[in-house]
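Colleague: Take this structure first; my questions come after.
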Amino acid sequence: MKILSTYVKEMKIASRGFYFYIEIVIALLALLILLVAVKENPDGKSEEFLYNDIPNEVLSALYERDTEKGVMRFVGDTEFKIKAGAFTVLNRDTGVEKSFEYNEVKTVIAKTYQKLNSDTGEVIGKAYVLENEEDMIRLSNNRGTIGATTTMDKDGNFSYKYFLQGYETQRYSDVLYLLHTFTAEDIDTTKDRQITREIGGSGRLNNRQAVVPVFIAFSGALMGFFIIMSYVFLDKDQGVIKAFVVTPSSLWNYLLSKIFVILSTVIISSSIVVIPIMKLKPNYLLFYVFLIASSFLFSAFGLLIASFFDTISKAFGVLYIIMIGLMLPAFSYYISSFDPIWIRFLPTYPLLEGFKGIMKGQADIIYVLIYTVVFLVGGGILLALANLRFKKSLTV
Amino acid sequence: MISVKNLSHSYSNDDKLAVKNISFEVEKGETFGFLGPSGAGKSTTQGILTGLLKQQQGEVKVAGYDIKKVQNERFNKIGVSFEQSNVYSKLTALENLKYYADLFDVPTRDPLELLKLVGLDSRKNDRAGEFSKGMKHRLTFARSMINRPELWFLDEPTTGLDPAIAAIIKDIIRGEKANGTTSFLTTHNMYIADELCDRVAFIIDGEIKLIDTPKNLKQQYGKKLVEIEYVKEGKICKETLKTVEESDRKKIADIIKAHKIQTLHSKEATLEEIFIQVTGRGLI
């Protein structure tokens, strides 16, 4: 009951203060930006990777024709480093999956063409032509963009295989069918000669969804870490911790109630973003368990750091360094080529990976549960240390 | 109610002691004044007795509990009124008291009754952050009574209050004493100690110089004085003379005989004067 009273009191104080609303407002702003400013699917200017299984003389004639028409322009060669990794390609028509696994980085050269608007001459995209289909599929997967193979049969008819990312709508696929069809009557026959494939199965995140794991990780972890410190420094400023210590209630109640307030706000702010964007895709039970465990860890860490300082201004330097350090895994998340081993030891790395998997609806449950336990145990240790530090740092 | 034997404390964990080997006892129902200037060791001693500071050396029993053993239930019997007001500024006066009442395992007093007692009942629904310094102090004082403490720690209970409110606070302390509450009053204000305390201890530089009742101290150290104001050659003169010394007695008689007397007051030595006499130091 004492912890309940303390929690209710803390929620009252939080709801009458500034920090409580920071998280909620940030969540609402993030939702607004994601819905309004971030497109779900790549637009026409995005790059594409091509492999042409066509006799050279035919191919040269096609390029010459397109160049004369002003729809394509050769601009040179581009070198790509294809990362190692594993992925699966699913054939939408047959349902057959094919796995690819690569242990080494590969460097490839692609002929690069600018795609042009024939009326205005405006550059509307880039096409990279690879020497073999496998490299094209790997690059398409690495860069998260569309790939295509063009083949020609003995009768001179072209066939197209598109490698999509999995988040594209059926409408988009249908447009791809229509691109190579001149009359409506031809659609069915042309469709027979086109196969669309998606890389990574159905678990890919679209542009908008891909932001969600980062938001959840840093809103839950870093904001929790920062805001719990703010609450403690407010209490230190008012001297209320001393008043609490001379009651029969234990310091644990005080510290835990602070963590519960953070968990409450983190759950609210995360739900504001996750539910409208991700809808029914994630495993919500796993999501909330992982969210609570990670927020517990970072809140306990915030309490421990707060126990070393009297005011937030004195703590600011340390606070800043820790927050920047914890944000580093976000670079790895967005820049696939930046993935050093040491970054994996930062707690926000498994946090991002865990949330990414959960959001895809393809979470490695064992991975998530292992880190849930790690976060809970780590949080418990940090909380125990914070409890000791608070007792030692009380003054008269 | 309080037993302290050979208590010492160092903030730096070395031989630089803030409290040096002090011993004293406070009886049940007694109001005990712990007097000294800033930095004398008053707050350190009270901090140890209330559990805010860790006991390092000596033996201390408070309300029947050995404070070296962690027993939070002892706070059911203890109330602490801090010198610096420390209430939740974002909670109302009533919410502050209700919340604290929930933290105790014993029947508590009605928060409204306490607010009325300290004259804050009309502001019960106002947030403490909107209160003046004196009002916050009264709220802190009222909160310390929420659990009907058997042992009450009062740190500068009237500091910063206007005389009317200070008088109310002093009346409340007297009322609680009448109900059998033991009080440990820490102050550098000798007048309030003189008014409220059964016994006082003088502490300076971490050492207790003496412990006695204010009456005994005045008898032992005080000198009966007469303060006299008279008109001499058109000017007002003022003298303080000792009634126990023959020369001063003769001088008083001469002044009365030869001059027009403006005021004439008998005066006992104050605790402050005795403190200065005993310790050689002032109270500020």
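Colleague: So which residues in the stretch B:91-120 are closer than 24 Å to B:E156 by Cβ and charged (D, E, K, R)?
Modeller: Answer for the stretch B:91-120, where residues must be closer than 24 Å to B:E156 by Cβ and charged (D, E, K, R): B:R109, B:K116.
Colleague: Can you tell me which residues in the stretch B:8-27 are within 22 Å of B:T213 (Cα to Cα) and either touching a Pro at 6+ places or on another chain (Cβ under 7 Å) or buried (at least 19 other Cβ atoms within 10 Å of the Cβ) (or both)?
Modeller: Listed by number, the residues that qualify are B:I22, B:V26.
Colleague: Quick one: in the stretch A:219-261, of everything that is among the basic types (K, R) and either more than 30 Å from A:V273 (Cα to Cα) or facing another protein chain (nearest Cβ under 8 Å) (or both), which residue is nearest to the chain's Cα centre (by Cα)?
Modeller: A:K236
Colleague: Which of (1) in contact with a strand residue (DSSP E or B) (Cβ under 9 Å, 6 or more places away or on another chain); (2) of a type in the set (A, V, I, L, M); (3) surrounded by fewer than 17 Cβ atoms within 10 Å (Cβ to Cβ); (4) assigned to a helix (DSSP H, G or I) does B:L210 not meet, given it meets every other one?
Modeller: Failing condition for B:L210: (4).
Colleague: Another question, then. Considering only the stretch B:1-59, give the strands (runs of 3 or more DSSP E) lying wholly within it that have at least 2 residues that are within 24 Å of B:E273 (Cα to Cα).
Modeller: B:19-26, B:31-35
Colleague: Has the stretch A:327-340 got any residue that is within 18 Å of A:I227 (Cβ to Cβ) and more than 14 Å from chain B (Cβ to nearest Cβ)?
Modeller: yes
Colleague: So, one more: Could we say that A:F49 is surrounded by 11 or more Cβ atoms within 10 Å (Cβ to Cβ) and without any contact (Cβ under 8 Å) to a residue 60 or more places away in the chain here?
Modeller: For A:F49, the condition - surrounded by 11 or more Cβ atoms within 10 Å (Cβ to Cβ) and without any contact (Cβ under 8 Å) to a residue 60 or more places away in the chain - is not met.
Colleague: If only one of B:N76, B:N86 is facing another protein chain (nearest Cβ under 7 Å), under 22 Å from B:L185 (Cβ atoms) and touching a residue at least 60 places away in the same chain (Cβ under 8 Å), which one is it?
Modeller: B:N76
Colleague: Also, I was wondering about something else. List every residue pair whose Cβ atoms sit under 7 Å apart, with the two residues 6 or more apart in sequence or on different chains, where the first one lies in the stretch B:39-59 and is facing chain A (nearest Cβ under 8 Å) and the second, anywhere, is assigned to a helix (DSSP H, G or I) and among the small types (G, A, S).
Modeller: Cβ pairs passing all conditions: B:L53/B:G47.
Colleague: Being buried (at least 22 other Cβ atoms within 10 Å of the Cβ), within 14 Å of chain A (Cβ to nearest Cβ) and part of a helix (DSSP H, G or I): is that true of B:T140 here?
Modeller: Against the criterion (buried (at least 22 other Cβ atoms within 10 Å of the Cβ), within 14 Å of chain A (Cβ to nearest Cβ) and part of a helix (DSSP H, G or I)), B:T140 qualifies.
Colleague: Could you pull out the residue among A:S99, A:S60, A:S140, A:S118 that is in contact (Cβ under 8 Å) with a residue 60 or more places away in the chain and in the same structural domain as A:G166 (by TED's automatic domain parsing)?
Modeller: A:S140
Colleague: Now, a different point. State whether one or more residues within the stretch A:69-90 are assigned to a helix (DSSP H, G or I) and touching a residue at least 12 places away in the same chain (Cβ under 8 Å).
Modeller: So far as the stretch A:69-90 goes, yes, one or more of its residues are assigned to a helix (DSSP H, G or I) and touching a residue at least 12 places away in the same chain (Cβ under 8 Å).
Colleague: Continuing with the same structure: Return the total of residues in the stretch A:1-60 being within 14 Å of chain B (Cβ to nearest Cβ) and assigned to a loop (DSSP other than H, G, I, E, B).
Modeller: Number satisfying all stated conditions: 4.
Colleague: Could you go through the stretch A:65-73 and let me know if any residue there is modelled with pLDDT of 90 or more, under 19 Å from A:A148 (Cα atoms) and either surrounded by 15 or more Cβ atoms within 10 Å (Cβ to Cβ) or in the same structural domain as A:P340 (by TED's automatic domain parsing) (or both).
Modeller: No: the stretch A:65-73 contains no residue that is modelled with pLDDT of 90 or more, under 19 Å from A:A148 (Cα atoms) and either surrounded by 15 or more Cβ atoms within 10 Å (Cβ to Cβ) or in the same structural domain as A:P340 (by TED's automatic domain parsing) (or both).
Colleague: Among (1) farther than 25 Å from A:P282 by Cα; (2) of a type outside the set (D, E, K, R); (3) modelled with pLDDT under 90, which single condition is A:I321 missing?
Modeller: (3)
Colleague: Would you mention how many residues in the stretch B:155-198 are more than 19 Å from B:I2 (Cα to Cα), aliphatic (A, V, I, L, M) and surrounded by 14 or more Cβ atoms within 10 Å (Cβ to Cβ)?
Modeller: Looking only at that region, the number is 8.
Colleague: Identify, please: which residue in the stretch B:60-73 is within 13 Å of another protein chain (Cβ to nearest Cβ) and under 14 Å from B:S3 (Cα atoms) and is, among those, surrounded by the most Cβ atoms within 10 Å (Cβ to Cβ)?
Modeller: B:V62
Colleague: Now for a separate question. Conditions: (1) under 16 Å from A:P213 (Cβ atoms); (2) touching a residue at least 60 places away in the same chain (Cβ under 8 Å). A:L382 meets all but one. Number of the miss?
Modeller: Here A:L382 clears every test but (1).
Colleague: Every residue in the stretch A:355-396 that is within 14 Å of chain B (Cβ to nearest Cβ), aliphatic (A, V, I, L, M) and part of a loop (DSSP other than H, G, I, E, B), please.
Modeller: A:L394, A:V396, listed by residue number.
The values are calculated or read from the model by the stated rules, or taken from the named source; none is laboratory data. Here the structure is a predicted model, which is why all the values come from computation and not from measurement. Don't worry about glycine lacking a Cβ; one is built from the backbone with ideal geometry, like all the others, and counts go over all protein chains shown.
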